[in-house]
Amino acid sequence: MSDNEQKSLVEFPCSFPIKIMGEKHPEFSDSILEAVREHAPDADKSSLVERHSSKGNYTGLTLTVNVENQEQLDNIYRTLTSHPKVKVVL
C-alpha cells in the first residue's frame with residue numbers, strides 16, 4: 001500500500017448508517033431520500049429514522065443505506081453535504 005492510499009475501516013458491501021441534520025421542513029426527509037437514491041437506488045423510507053430537536057427547529061435523520069464500495073459512500077456524502085437543506089452529515 002502506498003503512502004497515498006488509506007485502508008478503509010469499513011468492510012464492503014455493508015449497511016451503513018448516515019446521520020443527517022437540517023432545519024425542520026415538511027419535505028426534508030423526502031428530499032434527502034431522493035438525493036441518496038441517486039447513488040443508492042434501493043434506499044428506502046423504512047430504513048429512515050427521524051427525530052426533531054427539543055425546540056422543534058431541527059430534524060435529525062438516520063438513514064441506513066446498502067453500500068458496495070468506498071466510492072459509492074463518498075458520492076452519497078458529497079451529495080448530502082452539498083444539499084441546500086442539510087446542515088451536518090455524520
ask   = Helix 28-37 versus the longest principal axis of the chain: what angle, 0 to 90°, nearest 10, using Cα atoms?
value = 20 degrees
remark   = Counting only DSSP loop positions in the chain, the GluC sites (Glu not before Pro) whose Cβ has at most 12 other Cβ atoms within 10 Å are Glu5, Glu11, Glu27, Glu38, Glu68
note = Once Lys and Arg are counted +1 and Asp and Glu -1 for all other residues with Cβ under 13 Å from that of Ile76, the total becomes -3
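Give me Lys85, Lys45, Lys55, Lys24 sorted ascending by neighbouring Cβ count inside 10 Å, so fewest comes first.
Details: Lys85 17, Lys45 10, Lys55 7, Lys24 13.
Least crowded to most crowded, the residues run Lys55, Lys45, Lys24, Lys85.
Mind pulling the per residue volume of the convex hull built on the Cα atoms of the chain? Å³ is fine. List each step's numbers first, then the result.
On the way: hull volume 9.4 nm³, N = 90.
Hull volume over Cα atoms, normalised by residue count, gives 105 Å³.
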remark   = Count of lysine pairs, the chain, Cα-Cα under 13 Å, sep. 8 or more residues or interchain, comes to 4
inquiry  = Within 10 Å of each candidate Cβ there may be at most 14 other Cβ atoms; applying that plus a DSSP loop requirement, which chymotrypsin sites (Phe, Trp or Tyr not before Pro) in the stretch 11-90 survive?
reply    = none
ask   = Which listed residue (Met21, His52, Leu80) has the Cα farthest towards the positive end of the charge dipole for the chain, taking +1 on Lys and Arg C-beta and -1 on Asp and Glu C-beta about the Cα centre?
value = His52
key: Candidates Pro41, Pro17, Pro26: whichever shows maximal mean-square fluctuation once the chain is modelled as a Gaussian network with Cα springs under 10 Å   = Pro26
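Values in this text are rule-based calculations from the coordinates and carry no lab data. As the structure is a computational prediction, the values presented were derived from the model and not from experiment. Note: ideal-geometry Cβ built from the backbone for every residue, glycine included; neighbour counts use all protein chains shown.
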